[in-house]
Amino acid sequence: MTKEEQRQERQEVDPQKIEQFISKVINNLGATSNVALAFIEDKLDLYKAMAEANKSASGSGKTSKELARLTNTNERYIREWLAEQVCGGYIIYDSIGMKVSWHVTGIRKDPWANAHRIQVEEDKQDKERVHYMYPDLYGQLEA
């Protein structure tokens, strides 16, 4: 085999192998981001809050605002987390009512999980409630 033939042989690329490689990279990136999301969920007990909320009389899921209120968490962060969960197929999204629901078959109660739970947020003191860091940007008066 001549050097020219060897060079041409090396330049030929199997498109199917490239597609498989790209698919594997994308799957690995998705799995990596899901590790962080699982950690956030575990610390905030978001699935547990959704499951308990679904036990209510309506049982029809919760909006991101309702879930944020239940978990004492900023709604924006909950909305971002929910969007990733919907994209991953972990929860169901109702586009008409803008509600999400999750069916939990079990809650982790092993010794390690119980020993490492954290308080999501502490209740704010009255002087810290309804306080804007930059009130002028929101058309509010200085506190």
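The values are calculated or read from the model by the stated rules, or taken from the named source; none is laboratory data. Predicted model only: the values in this text are computed from it and were never measured. A quick note on method: Cβ atoms are made from the backbone with ideal geometry, for glycine too, and the neighbour counts reach across all protein chains shown.
Summary of values
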item	result
Filter result for A68 (under 15 Å from the mean Cα position of the chain (by Cα), surrounded by 10 or more Cβ atoms within 10 Å (Cβ to Cβ), among the hydrophobic types (A, V, I, L, M, F, W, C) and at pLDDT 75 or above)	yes
Of all residues in the stretch 40-65 being outside any loop (DSSP other than H, G, I, E, B) and more than 30 Å from Y132 (Cβ to Cβ), the one that is modelled with the lowest pLDDT	N54
Which listed residue is modelled with pLDDT of 80 or more and more than 18 Å from the chain's Cα centre (by Cα), from Q8, Q20	Q20
Filtered residue count, the stretch 103-142, keeping only those that are surrounded by 10 or more Cβ atoms within 10 Å (Cβ to Cβ) and either at pLDDT 65 or above or more than 18 Å from L67 (Cβ to Cβ) (or both)	8
Tally, over the stretch 71-102, of residues that are basic (K, R), at pLDDT 80 or above and more than 19 Å from A38 (Cβ to Cβ)	1
Hey, L29 at pLDDT 80 or above and surrounded by fewer than 17 Cβ atoms within 10 Å (Cβ to Cβ) or not	yes
